[in-house]
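Report on the structure given below.
Please treat every number below as a calculation from the coordinates, not as lab data. Only a predicted model underlies this, so the values are computations on that prediction, with no experimental measurement involved. Counting neighbours? That spans all protein chains shown, and the Cβs are built from the backbone with ideal geometry, glycine included.
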């Protein structure tokens, strides 16, 4: 995972400079913080492609698919990274009784 974050920090412009410097200095920011930047980047790509008169139908379709995939991934990460709360939507009555 560290190598992937280093590639993200050095070879893309998807992260702000402060986040990239933190990754390159050896610190690993929380994944939840990085998701927001990646989501905004895919939204920008979609908006730029959708607004371009010279973009082909295939380019627009790929940008839209990327946007959908990024949102689905963000939702998945949010669900897996969020702390479980007592009585939250993912708990059952049996789990509430044991706590």
Label-zone membership for segment 27-65, site residue 73, 7 angstrom Cα→C-beta point, backbone N under 16 Å: 31-46, 62-65
Segment 2-80: proportion of alpha-carbon pairs further apart than 15 angstrom, %: 60
Ranking of 20, 25 by count of other Cβ atoms within 10 Å, fewest first: 25, 20
Taking 38, 75 and counting other C-beta atoms within 10 Å, the order from fewest to most: 75, 38
Gain upon complete extension [residue 12, residue 28; 0.36 nm per residue less C-alpha separation]: 4.1 nm
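Compute the FRET efficiency between residue 82 and residue 53 as 1/(1 + (r/R0)^6), taking r as their Cβ-Cβ distance and R0 = 41 Å, and round to the nearest 0.05.
0.50
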Ranked 37, 46, criterion: other C-beta atoms within 10 Å, fewest first: 37, 46
